[in-house]
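Since every read-out is calculated from the coordinates, none of them should be taken as a lab result. Everything numeric here is computed off the predicted structure, so don't read it as measured data. Note: ideal-geometry Cβ built from the backbone for every residue, glycine included; neighbour counts use all protein chains shown.
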Amino acid sequence: MSNTLEIEQVRRLGLTSVAAPKRLVEPLAPARECVHWTPGTGHQRRFARDAAGLVVIRCGELGRSFWGWSDEDWADLINRSGAEFRRLWGGQIGPNARPFLIAFAYLLGGFTAFEQVGRFQRPTLAQRVFGQAAVDDAVGKIIAILGDWGYERGPDRTGCSPGNEATRSHGSGSAASAGSTTACPPPAAPARS
């Protein structure tokens, strides 16, 4: 059977014990339900369902359940290249299921070897796994700390850059508590041997 036929079979039968062993299908449902969805993007649920179907299909190919997969097993399914993923899983799956595979790899397999899967939108993964509010809260805390260290939010609001050394404030001391700014100390000279 080709991969397309297999995914079509999973789509037709659904992620039920008719399509695959119950012990494989049951953990996938809570993983799909805990993914945070962007409002107005119901089509993403289909991509998530397809990604879950790909996990079940790969279990059959490998002859073992996904909770026994290595990082390499997950990375092989996710694929390092979006183009190669589209070639392997053509039709309606395309690249749309790949981000959900990455989320499922994290949620179901504890996968964190993201360097093995090439480029993908890390902020989107974090939002799907943890939710927009949690990600915004964590990023806000990081930005506040970086601000205390003298970094300023970039004009595109996606990153930080070092501020002007003459106007960065120190994080301690009476000058900082009074709200004044002073020059940062110069970097330490490298140790000489």
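Among 93, 145, the ranking by other beta carbons within 10 Å of each residue's beta carbon, starting with the fewest, stands as 145, 93.
Residues 69, 89 in ascending order of nearby Cβ atoms (within 10 Å, fewest first): 69, 89. Scoring 134-142, 70-78, 53-61, 116-124 by mean Cβ neighbours within 10 Å over their residues and listing the highest first yields 53-61, 70-78, 116-124, 134-142.
Taking 0.36 nm per residue of sequence separation and removing the Cα-Cα distance, the residue 23/residue 83 pair yields an extension gain of 18.4 nm. Take the Cα of residue 143, step 7 Å toward its Cβ, do the same at residue 115, and the gap between the two points is 2.9 nm. Using the Cβ of residue 84 as centre and a radius below 14 Å, the other residues enclosed give a net charge of +4, where K and R count +1 and D and E count -1. Modelled this way, with points 7 Å down the Cα-to-C-beta line, the labels at residue 76 and residue 36 are 3.3 nm from one another.
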